[in-house]
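The values are calculated or read from the model by the stated rules, or taken from the named source; none is laboratory data. As the structure is a computational prediction, the values presented were derived from the model and not from experiment. Quick reminder, even Gly has a Cβ in these numbers, built from the backbone with ideal geometry, and neighbours come from all protein chains shown. We work out accessible area using only protein heavy atoms, side chains counted, and drop any ligands, DNA or RNA first. Shrake-Rupley method; radii C 1.70, N 1.55, O 1.52, S 1.80 Å.
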Amino acid sequence: MGEIEQRPTPGSRLGAAENSGISTLEHGQKPPPTPSGKLMSVRIQMLDDTQEAFEVPQRAPGKVLLDAVCSHLNLVEGDYFGLEFPDHKKITVWLDLLKPIVKQIRRPKHVVVKFVVKFFPPDHTQLQEELTRYLFALQVKQDLAQGRLTCSDTSAALLVSHIVQSEIGDFDEASDREHLAKNKYIPQQDALEDKIVEFHHNHIGQTPAESDFQLLEIARRLEMYGVRLHPAKDREGTKINLAVANTGILVFQGFTKINAFNWAKVRKLSFKRKRFLIKLRPDVNSSYQDTLEFLMASRDFCKSFWKICVEHHAFFRLFEEPKPKPKPVLFSRGSSFRFSGRTQKQVLDYVKEGGHKKVQFERKHSKIHSIRSLATQPAEPNSEVPKQAQQSASLTFGEGAASPGGQSCQPGRDPPASADERGPQRNPTPQRSPAGSTKADGAGRAETEEEEEVAKDRTQQSRPRPPQPSTGSLTGSPHLSELSINSQGGAAPTSTVLSPNLSPDTKQASPLVSPLLNDQAGPRTDDEDDGRRKRFPTDKAYFIAKEVSTTERTYLKDLEVITSWFQSTVSKEDSMPETLKSLIFPNFEPLHKFHTNFLKEIEQRLALWEGRSNAHIRGDYQRIGDVLLKNIQGMKQLAAHLWKHSEALEALETGIRGSRRLESLCRDFELQKVCYLSLNTFLLRPLHRLMHYKQVLERLCKHHPPSHTDFRDCRAALAEITEMVAQLHGTMIKMENFQKLHELKKDLIGVDNLVIPGREFIRLGSLSKLSGKGLQQRMFFLFNDVLLYTSRGLTASNQFKVHGQLPLYGMTMEESEDEWGVPHCLTLRGQRQSIVVAASSRSEMEKWVEDIQMAIDLAEKSSGPAPEFLASSPPDSKSAEEAAGDQESEDDLSASRTSLERQAPHRGNTMVHVCWHRNTSVSMVDFSVAVENQLSGNLLRKFKNSNGWQKLWVVFTNFCLFFYKSHQDSHPLASLPLLGYSLTIPSESEDLHKDYVFKLHFKSHVYYFRAESEYTFERWMEVIRSATSSASRAHVLSHKESHVY
C-alpha cells in the first residue's frame, strides 16, 4: 500500500488540501518527521463493521495511525475517537498516541484494532460535523446490540426506530418488519417489534441526519450512555463497577449508578499496585473520607483505568494540551503518562475558525445518501446563519413556525423529488474533505445558567410536524447541502439555489435542535428581522387575534389532559366510581370537540388575514369579531357542562378523601409530565378560559373605533361573554379557594381539617421566626381564621410539617424592629402564644402586615375562635430519617441543580416550594390575577453568555414559564418559576441591538427574550410583571370591573 503520507485519500483525489490533522504545536514549531523504515500492516475495524488495512512505520507513534484513520474517513473532529485493542494479557487498552506502535501491538497480524468513540461530550450539539454525529450514532447502535447501553424497553424501541428511519427511510409496515427480521439491533428485539414499528410511524419525513441527531438526543440522557464499566471492590469488599465520564468518576452497582465524583471535587487521582485512589477536596458538608480506595483485579487493570481518567479529565476540563514534565536526571517516580492531543475546547475552537470544503459521504446499510455542503468560502465572523437566496422561502417569525431546528416552509411550495431519482449506492466508507468543518459558536463557556429549570424531557421522540415557515439554521444542527437528498433518497434538481443549510425538497433546516440543552443557536441577521416584520400584518388587531389562537392551542392541550391522558389512566384501573367518571368526562369531551373546531376557524381566519390563501380580497377577512361572536354564542349552549365542573371538582376531592386507591391514582398521574400543574387546576380551566375571552374582547373594543367593521361584532361578543362570566363569577371565586385549599393540603402534614366550610386562604410565604437558636426560616400560611407556621423537609417528599398555629381571634400585631434589633420585624401576640417574625424586605413586611390585619378584622367579625387544626401537638423528637430530611432542607439554590428539580412522590415544584427557596410570598389575590394573566406563543430566548437566539414555544401560567420545542408537544421540557425574578429592559451596555427584548434575572441567572411585535412584547411584559410583583388589592378590584361600552 505504500507509506501513509503517499497514500491517496478520497479528499486528495477530489483535489482537497492535504489534511495533517489538528495541529498540537505552538506557533512557529514544525511537526516531527514520521520515522522511516520497515512498515507494518495494522487492521482497523471501523464503526460500520468494515475492516481496513493501514501500513505505517513500525517506529511511528500511535498518533500516526489514528491520523491515518481520520484522514481516510475525512474526519475533522477525530479527537473524540480512539483506537482500542487487546494487549498481550488480553486486557482491552487504548492505543497510546505517544508510544511507538510496535511496542504496543506485539503481533499486528493477529490483532484487530477497533476505531471507536473515546470521549462522549455532554451535549451532542457540540459535534459540528454530520459525519461525526453519524459515527457517534453507529457507536450507539453498536452499544445497543452488545447490551452495553441498557435502558427501558420504551427507550430501546425509540432508539431502534430512529436507526430504522436512517437506514430505510419513511415508514412502511411491510418493509419495517422485513428489515427488522434481517437486522438485530437489540437483544430483545422480537418482543419490541410492534413498539418499534409504532414509533417509526412518527418519524415520517425525517432525514438520516435528523435521525442521527434524535438518536443521540435520546441516548445521551440514558445513564449508561458512553459508560464503560471497570470491575472493582470497595473497602468492604462489595463488588462494584467504576466508570469515567465527561463529568467525573462514576460508581455503579450492577447497572445502577450509586455515586459520582465530579472533577471539581477531585483533588488527585493515583494508583498503587491494585488500589485505585481518589483524593477529594475537603468539604465540610460531605460525609466522605478525604481519600477513597477501590481494589481492582490487577495492577494492569488499575493503571489502564487511571490512564483513561487522566485523559478524560484533560480532554474535558483543560483549555489546552498539558505540557510534558521535564525528565528527571537521576531517577523517576511514578508514571510519566500524560494526555496527548486536542482538548475539547481546542477542537471546538479549531472547527469554529475553519472554512472547509464539504464532500459527500455514504452511510453503510442506508438507502438514503447524505451530502455535506460544498461551500468553499468560510462564513463571515458574525453571520453563522446564511442569508436566504431569492428562490428560498421568506424568513418569518410566525406563529406557525417550528421550534429550533424543526423549521420548514409553507406547504405546497416545492414538491419533493420523486423516489425514482435516487442515486446509485457508492463505496460505503464515509468520505469527506480533510479540512472540512462547519461554523460553530465558541466553547469553553461557563456552564448554562438553567439551574432553575425543571421537568427535563427524558425520552422526547420526534413528532411529525406540518411544514411551516423557516426561521434559518442553528449552529449545532446537522447542516444539509445544496444538493440535499429528500427523505426517500431522491436528488433535488441541481439548478435550485438555496442556503447551504436548507434542503430544496422542503426548504427545511435540519434537524430538530433541543432548545433547552443547546444554548448556542445561530443568531439571526438584521436582514432576517426586516423580512420577519414585513411578513405579517402590522395592525394591532391582528396580533390580538393571534393571541386568541396561541392561547386556544394551550387551552386545548389542557383539556386533553383530562379527556385523553387522565381518562386513559382511569380506564386502566378500576379505582374510580362510575358515578364520578360520568360526572367528569362527559362534561369535558363536548368542550374539547367544540374548541377544536373553534381553533380551526381562528387559524383559517388568520391565514386569510395574512394573505396566505388564494383570496383576492383580504379586507373582509381582516377581522376576528364575527368568529368570536359566533363561537361565544355556541358556548352558551355548553353552559350546562360548565356548571358541572365545580360539582366535578368537589366530587373528585370527596372521592380521593374516601378511597386510597383513587388518591394513589391521582397522585401518580400528577407525577406524569403531561400534568404540569395540579390535577384540580385542569378541572377549572374552562371557567378560567371565559375570562380570557372577555379580556381579549375588551382589548379589541378599546382598539377599534366605533366606525370599524369589526367593532359591532366585538361589542356583541363582549356582552355575551360578560353575561356568562357574571353568571359563573361566584362559582369561580368559591372553586378557586376550594382548589387552593386542597392543593395546600398536599403540601402540609400534621393537618386534620384544613378544608372546612367558611375557611379562606389569604397568603403563604417564607418568614424568619425568632427563637432561642436565632432566626430560623419557616413557611407561614395565613387563612381568614388562623395563621400556621411550618418547617420543610421532614418527609421524603419535602412536605411542610406544621409546628404551630395562632388563632387570629383576639390577635394583635406590632412592629418591633427597635425592640429586637432585627430588620423588618413583627411581633404577633395571640391569646395563648406570641411569636416574633422577620420578613426578607420592607415590601414583604408591608404585604404581610396588610393581609394579617385584614384577616384579624375578618376573624373579629366571625362568630368566634377557629377550630383546632392539629389532632395533637407535633412531636419534638425526630427520627434519623427526619433528621436527614432536615439536613436536605438546608440545601441552597446555589447547588449544581436546584432543589425544585428533585424527584419525589409529591410534586416538588409547587408554589409553596418556590416561595420557600426564593424567600418570598404570594397571596390569593396574586393567584386570582395569575388566573387571568395567561399567555402562550413563540419567543426567542438568549442566555447571558451565548451568542445566538433560540426559538421556543412558551406558556405562561401559574407564575411560571413552561418551555416546549413546539406547540405540538404534549408536555413541557422545562419550567422557570418567576417569583423573585426581576423584569427589566436591557440596557445599551448589554449590546443586544434588537427590538422587543425583555430581560429576566434572579441573582446570577439572566435570560433575554424577544417577542415578534410591539403588541406581543407589551403583553409578555404585562403578564410576567404580574408574576414578579404582587398587585395591590385596590388595583385588582378595579381590574375585575367589567368594561362598559
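For S152, which of the numbered conditions (1) surrounded by fewer than 16 Cβ atoms within 10 Å (Cβ to Cβ); (2) in contact with a Ser or Thr (Cβ under 9 Å, 6 or more places away or on another chain); (3) within 24 Å of Q45 (Cβ to Cβ) fails to hold?
(3)
Among the residues of the stretch 591-609, which ones are closer than 30 Å to S664 by Cβ and open to solvent by 40 Å² or more (accessible area, probe 1.4 Å)?
Once the filter is applied, which keeps residues that are closer than 30 Å to S664 by Cβ and open to solvent by 40 Å² or more (accessible area, probe 1.4 Å), the stretch 591-609 yields only H592.
Would you pick out the residues in the stretch 756-790 that are part of a loop (DSSP other than H, G, I, E, B) and charged (D, E, K, R)?
Taking the stretch 756-790 as the starting set, the residues that turn out to be part of a loop (DSSP other than H, G, I, E, B) are 756-760, 772-773, 784-785.
Once the filter is applied, which keeps residues that are part of a loop (DSSP other than H, G, I, E, B) and charged (D, E, K, R), the stretch 756-790 yields R759, E760, K773, D785.
Would you check which residues across the stretch 260-278 are over 14 Å from L229 (Cα atoms), in a strand (DSSP E or B) and either of a type in the set (G, A, S) or open to solvent by less than 70 Å² (accessible area, probe 1.4 Å) (or both) and list them?
Kept after step one, since they are over 14 Å from L229 (Cα atoms), are these residues of the stretch 260-278: 261-278.
Checking the rest, the ones that are also in a strand (DSSP E or B) come to 261-262, 266-272, 275-278.
The answer is F261, N262, V266, L269, S270, F271, F276, L277, I278.
Enumerate the strands (runs of 3 or more DSSP E) found wholly within the stretch 928-977, keeping only those where 3 or more residues are in contact with a helix residue (DSSP H, G or I) (Cβ under 8 Å, 6 or more places away or on another chain).
Numbers: elements: 935-943, 950-957, 960-964, 974-977.
Hits in the stretch 928-977: 935-943, 950-957.
Cβ-Cβ below 8 Å, separation at least six or inter-chain, first residue in the stretch 562-576 and touching a residue at least 12 places away in the same chain (Cβ under 8 Å) and under 16 Å from N680 (Cβ atoms), second open to solvent by less than 60 Å² (accessible area, probe 1.4 Å) and among the basic types (K, R): which pairs?
Filtered contacts from the stretch 562-576: V570/K581.
Go through (1) surrounded by 12 or more Cβ atoms within 10 Å (Cβ to Cβ); (2) within 41 Å of the chain's Cα centre (by Cα); (3) among the basic types (K, R) one by one and return the number of the condition R842 breaks.
It fails just one condition, (1).
Test Y693 against the stated conditions and say whether it is touching a Pro at 6+ places or on another chain (Cβ under 9 Å) and buried (at least 17 other Cβ atoms within 10 Å of the Cβ). I'd like the intermediate steps shown before the answer.
Working: touching a Pro at 6+ places or on another chain (Cβ under 9 Å): no; buried (at least 17 other Cβ atoms within 10 Å of the Cβ): yes.
Spelling it out, it is not the case that Y693 is touching a Pro at 6+ places or on another chain (Cβ under 9 Å) and buried (at least 17 other Cβ atoms within 10 Å of the Cβ).
Of the conditions (1) open to solvent by 10 Å² or more (accessible area, probe 1.4 Å); (2) touching a helix residue (DSSP H, G or I) at 6+ places or on another chain (Cβ under 8 Å), S659 satisfies every one except a single condition; which number is it?
Just one mismatch for S659, condition (2).
Starting from residues that are among the polar types (S, T, N, Q) and exposed (fewer than 12 other Cβ atoms within 10 Å of the Cβ), keep the ones in the stretch 28-49 and report whichever is modelled with the lowest pLDDT. Before you say what the answer is, go through the steps one by one.
Residues of the stretch 28-49 among the polar types (S, T, N, Q): 29, 34, 36, 41, 45.
Subsequent filtering for residues that are exposed (fewer than 12 other Cβ atoms within 10 Å of the Cβ) retains 29, 36, 41.
Numbers: Q29: 39, S36: 64, S41: 90.
Step by step, filter the stretch 28-49, then rank; the result is Q29.
Does the stretch 142-162 hold any residues that are more than 17 Å from K118 (Cβ to Cβ) and more than 23 Å from the chain's Cα centre (by Cα), and which are they? Spell out how you get there, then give the answer.
If we filter the stretch 142-162 for residues that are more than 17 Å from K118 (Cβ to Cβ), which is where we start, we get 144-145, 147, 150-162.
The answer is L144, A145, G147.
Tally the residues that are outside any strand (DSSP E or B) and free of Cβ contacts under 8 Å to residues at least 60 places away in the same chain, restricting the search to the stretch 978-999.
12
Kindly check whether there is at least one residue in the stretch 620-631 that is within 15 Å of Y555 (Cβ to Cβ), at pLDDT 90 or above and open to solvent by less than 70 Å² (accessible area, probe 1.4 Å).
The answer is yes, given that some residue of the stretch 620-631 is within 15 Å of Y555 (Cβ to Cβ), at pLDDT 90 or above and open to solvent by less than 70 Å² (accessible area, probe 1.4 Å).
Residues are listed down the side, and each one gets a yes or a no for (1) at pLDDT 90 or above; (2) crowded, with 21+ Cβ neighbours inside 10 Å:
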| residue | (1), (2) |
| --- | --- |
| L782 | yes, yes |
| L794 | no, yes |
| S797 | no, no |
| D818 | no, no |
| G821 | no, no |
| H824 | no, no |
| G830 | no, no |
| Q833 | no, no |
| V837 | yes, yes |
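Considering the stretch 985-1013 alone, what residues qualify as being polar (S, T, N, Q) and under 22 Å from the mean Cα position of the chain (by Cα)?
Of all residues in the stretch 985-1013, those polar (S, T, N, Q) come to 987, 989, 1004, 1013.
Of everything in the stretch 985-1013, just one residue is polar (S, T, N, Q) and under 22 Å from the mean Cα position of the chain (by Cα), namely S1004.
Looking at (1) at pLDDT below 85; (2) open to solvent by 30 Å² or more (accessible area, probe 1.4 Å); (3) under 27 Å from R759 (Cβ atoms), find the lone condition where N919 falls short.
(1)
State whether one or more residues within the stretch 529-548 are at pLDDT 90 or above, part of a helix (DSSP H, G or I) and of a type in the set (D, E, K, R).
Scanning the stretch 529-548 turns up at least one residue that is at pLDDT 90 or above, part of a helix (DSSP H, G or I) and of a type in the set (D, E, K, R).
In contact (Cβ under 8 Å) with a residue 60 or more places away in the chain and open to solvent by less than 10 Å² (accessible area, probe 1.4 Å): is that true of L687 in this structure? Can you show your working first?
Details: in contact (Cβ under 8 Å) with a residue 60 or more places away in the chain: no; open to solvent by less than 10 Å² (accessible area, probe 1.4 Å): yes.
No, not satisfied.
Answer yes or no as to whether K103 is part of a helix (DSSP H, G or I), without any contact (Cβ under 8 Å) to a residue 12 or more places away in the chain and open to solvent by 10 Å² or more (accessible area, probe 1.4 Å).
Numbers: part of a helix (DSSP H, G or I): yes; without any contact (Cβ under 8 Å) to a residue 12 or more places away in the chain: yes; open to solvent by 10 Å² or more (accessible area, probe 1.4 Å): yes.
In short, yes.
Name the residue, out of F119, F115, that is open to solvent by less than 10 Å² (accessible area, probe 1.4 Å), in contact with a His (Cβ under 8 Å, 6 or more places away or on another chain), more than 30 Å from I204 (Cα to Cα) and outside any helix (DSSP H, G or I). Walk me through how you get there before you give the answer.
Numbers: F115 fails: in contact with a His (Cβ under 8 Å, 6 or more places away or on another chain).
Result of the check over F119, F115: F119.
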